[in-house]
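Scroll down for the structure; my scribbles are underneath it.
The values are calculated or read from the model by the stated rules, or taken from the named source; none is laboratory data. Predicted model, so just to flag it, every value in this text is computed and none were measured. All Cβ positions, glycine included, derive from the backbone under ideal geometry; neighbour counts span all protein chains shown.
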Amino acid sequence: MRPATQCGARTAPGFALVSAIFLLVVLALLAVVAIRAGSAQQQTVTAELLQARALAAANSGIEWAAYEALHGANCAASTSLSLTEGALNGFGVTVTCTSASFTNGTGTNHAFLLQSSASSGVYGKPGYVHRVVSATFTDAAN
């Protein structure tokens, strides 16, 4: 004869096993959701970091071209740079320059329109990033 539980109720055999399996499945699903959310957040942070690096690479192209243009009025139509140092390693930069001459008082000055595009990775693949920056400079004194 089986012993009775409190109040004379009997427990069904295996009921605790079903509850335990249900609880394990729910906890496993919650763990999967937490891992996927963490992974998506990490990918977002990585993409933002790559975008910031691409912007810095494009800005470095502008600075290089501005230096070249303002120190000798030298404006190459298109120049490609490969960055190899630090966090910008692996970025390719293409700089285009357009210049125009104008008369300022008694002298002739130049205006330079610079456009720099920086990219890294393979287009269509994760990790590809591309940024374009434009700037205008002149060699006219105030």
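Among the conditions (1) within 20 Å of the chain's Cα centre (by Cα); (2) within 11 Å of residue 133 (Cβ to Cβ), residue 88 misses just one, which is (2).
Which of the residues that make up region 94-142 are of a type in the set (Ser, Thr, Tyr) and under 26 Å from the mean Cα position of the chain (by Cα)?
Result: 94, 96, 116, 117, 119, 120, 123, 128, 134, 136.
Scanning for something touching a strand residue (DSSP E or B) at 6+ places or on another chain (Cβ under 9 Å), closer than 15 Å to residue 133 by Cα and crowded, with 19+ Cβ neighbours inside 10 Å, does region 64-71 turn up at least one residue? The answer is yes; a qualifying residue exists.
Count of region 72-83 residues, restricted to those that are at pLDDT below 85 and loosely packed, with under 11 Cβ neighbours inside 10 Å, is 3. Out of the residues in region 1-30 that are at pLDDT below 85 and among the small types (Gly, Ala, Ser), state the one that is nearest to residue 129 (Cα to Cα). The residue in question is 20. Tally the residues that are in contact (Cβ under 8 Å) with a residue 12 or more places away in the chain and among the polar types (S, T, N, Q), restricting the search to region 93-108. The total comes to 5.
Only one of the listed residues (112, 102) is surrounded by 15 or more Cβ atoms within 10 Å (Cβ to Cβ) and aromatic (Phe, Trp, Tyr). That residue is 112. Filtered by the rule that a residue be touching a strand residue (DSSP E or B) at 6+ places or on another chain (Cβ under 9 Å) and either at pLDDT below 85 or part of a strand (DSSP E or B) (or both), region 84-103 gives 92, 93, 94, 95, 96, 97, 98, 99, 100, 101, 102, 103.
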